[in-house]
Amino acid sequence: MSREESSRSNPAPFPTTKEGQEAAKAYFRENKGKGKTQYFIKPDGSIHSIDNKGGGTESFYNYHTRLKNNSAYRARRLGATPSKADYIRNHGEKLGVDLFDAEQEKLRSVYDPKNYDPKIHDVDHQNPLKRGGIHHSNNLIPLDSSINRSKGATPLDKVSKAALLLADNIDDQITLQGPLPTPEMRQQIALKSVSRMSKAGKLMSSIDKFGKVAAAAGVVLTIADGLSNGASAGEIANKAGGQIFDFINPIDNGALNGNSLQHELAKSEQYTNGNRPKDPFSNGVVNGLASMAGNQLKYIGNSFANGKIPYNGD
């Protein structure tokens, strides 16, 4: 295998001779920063690469150890790593130390190449650290690298966290008890949760995108309701005016406010019995606008109910 073909998914045999190791280091020096990282595999299945972190001498490093250390470092920076003191505070001196040591052994086991295939898997925090996940063995699982990249930092929902014995803070996490699902079940639970949360995120984006439709409909319906119940222009304006400031008015580019609304409604009242064309805020047009807004809201609601994204070609 040529050096150019070496990758984490297709690692080259680890060079055992001094000449082979020096050649690998020379290739590293020549291609550093060019996205041509070499990976090598030892007979025990462990993956290795080369680095000169800090500008020092090039040396081989164990990919799994670095993955474990980098993960722990990120967790510490986010305050998401249970400490020995946390275990002692929750379980007492002796049991706390025993449980802490047992957890460290579980973490080492998670990153052991005997327990996953590093050529195709990442070790993933099922509930992402940046979304409140805890750096705990319950929250770590080997996951296909392509799936891990595609799911990003989508958090788990409450039901899935409960099934996977995952908590939202350190103290709750280290006091949770119970049998874990099998690795296959854990992966399925997490991926289904990610799918649900991803759909929810798209819905929220759609709601945000079309939230002004709902806000505008609220104003229109307030006006229509006021007119149909015989409220005065002032009463309607006072009630609807506050709502108007909650969105950029689609009719008047944001220029419409409580005062101008009151003025228009006053004109509408004057024209009620005349033959002049109806004012834009008189009964007929208001009811028409309300109907249009209502139909849009009905469409959005029905789309959500059927699991579709409004205005998304469905």
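Results for (1) of a type in the set (Val, Ile, Thr); (2) surrounded by 12 or more Cβ atoms within 10 Å (Cβ to Cβ); (3) out of contact with any strand residue (DSSP E or B) (no Cβ under 9 Å at 6 or more places or on another chain); (4) more than 30 Å from Tyr39 (Cα to Cα), shown as yes or no for each residue.
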residue	(1), (2), (3), (4)
Phe60	no, yes, no, no
Asn70	no, no, yes, no
Gly79	no, no, yes, yes
Lys84	no, yes, yes, yes
Lys94	no, no, yes, yes
Leu99	no, yes, yes, yes
His135	no, yes, no, no
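For every residue, the table says whether it meets (1) β-branched (Val, Ile, Thr); (2) within 31 Å of the chain's Cα centre (by Cα); (3) in a helix (DSSP H, G or I); (4) outside the structural domain of Ile134 (by TED's automatic domain parsing).
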| position | (1), (2), (3), (4) |
| --- | --- |
| Lys25 | no, no, yes, yes |
| Glu30 | no, no, yes, yes |
| Lys36 | no, yes, no, yes |
| Asp44 | no, no, no, yes |
| Tyr73 | no, yes, yes, no |
| Lys94 | no, no, yes, no |
| Lys106 | no, yes, yes, no |
Quick one: in the stretch 136-164, of everything that is free of Cβ contacts under 8 Å to residues at least 40 places away in the same chain and assigned to a loop (DSSP other than H, G, I, E, B), which residue is farthest from Tyr73 (Cα to Cα)?
Leu164
Residue in the stretch 118-158 that is modelled with the highest pLDDT, counting only those that are hydrophobic (A, V, I, L, M, F, W, C) and more than 27 Å from Gln177 (Cβ to Cβ):
Ile120
Restricting to the stretch 1-25, and then to whatever is small (Gly, Ala, Ser) and at pLDDT below 90, can you tell me which residue is nearest to Ser145 (Cα to Cα)?
Ser9
Could you list, in sequence order, all residues of the stretch 101-111 that are within 28 Å of Ala12 (Cβ to Cβ) and buried (at least 16 other Cβ atoms within 10 Å of the Cβ)?
Val110, Tyr111
Subset of the stretch 165-180 (residues that are part of a loop (DSSP other than H, G, I, E, B) and in contact with a Pro (Cβ under 7 Å, 6 or more places away or on another chain)):
Ile174
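The values are calculated or read from the model by the stated rules, or taken from the named source; none is laboratory data. Just so it is clear, the model here is predicted, and its values are computed rather than measured. Counting neighbours? That spans all protein chains shown, and the Cβs are built from the backbone with ideal geometry, glycine included.
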